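What follows is one structure encoded as structure tokens, with my remarks underneath.
The values are calculated or read from the model by the stated rules, or taken from the named source; none is laboratory data. Because the structure is a prediction, the values reported are computed rather than measured. As a convention, Cβ positions derive from the backbone with ideal geometry for all residues, glycine included, and neighbour counts pool all protein chains shown.
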Amino acid sequence: MNTWKVIKTASEHKKAVKRAMEIFHAEPNTPEDDELGVLLLLIKDYEDRTVKMPEVDVLEIIKDKMQEQGIKNKDLEPIIGSKSYVSSILSGRRELTLKMATRLKDYFHLPAELFLQAS
């Protein structure tokens, strides 16, 4: 078993990922299982520090979910408010409130982080 340390470079990351793949199906409660747990934490830490996720537009996600589920603007009136309010929210003319964001998150089963991005 290798003694792993904080991953600081791309080559160390590549080596750690390769090793994690080699022992991915380790039996529980074995040295390889322990090593895998440490590797996954180190890999996640490195990727959290170095990999930038693309920004997403929450309104586009909501519109996509509406299309996927066959939901019309009028179906969001109980969640957002009047027909004109729904329209102005979906067009971006008005900002989502915290209450609306919470309701939409629950309605569409979206991660809360999606609504926390800076505009």
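Below is a table of values for the structure above.
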{"item": "Test: residue in the range 48-61 that is surrounded by 10 or more Cβ atoms within 10 Å (Cβ to Cβ), assigned to a helix (DSSP H, G or I) and over 17 Å from the mean Cα position of the chain (by Cα)", "result": "no"}
{"item": "Residues within the range 25-66 that are charged (D, E, K, R) and either in contact with a strand residue (DSSP E or B) (Cβ under 9 Å, 6 or more places away or on another chain) or over 30 Å from Met100 (Cα atoms) (or both), tallied", "result": "9"}
{"item": "Leu96, sole failed condition from (1) assigned to a helix (DSSP H, G or I); (2) within 23 Å of the chain's Cα centre (by Cα)", "result": "(1)"}
{"item": "Sole residue being part of a loop (DSSP other than H, G, I, E, B), surrounded by 13 or more Cβ atoms within 10 Å (Cβ to Cβ), out of contact with any His (no Cβ under 7 Å at 6 or more places or on another chain) and not assigned by TED's automatic domain parsing to the domain that holds Asp106, chosen from Ala16, Ala26", "result": "Ala26"}
{"item": "Hits in the range 56-85 (condition: within 12 Å of Leu114 (Cβ to Cβ), of a type outside the set (D, E, K, R) and free of Cβ contacts under 8 Å to residues at least 40 places away in the same chain)", "result": "Leu59"}
{"item": "Residue among Leu110, Leu39, Leu76 that is modelled with pLDDT of 90 or more, within 30 Å of Met21 (Cβ to Cβ) and among the hydrophobic types (A, V, I, L, M, F, W, C)", "result": "Leu39"}
{"item": "Residue match in the range 105-112 (condition: outside any loop (DSSP other than H, G, I, E, B), within 13 Å of Ile61 (Cβ to Cβ) and of a type in the set (Lys, Arg))", "result": "yes"}
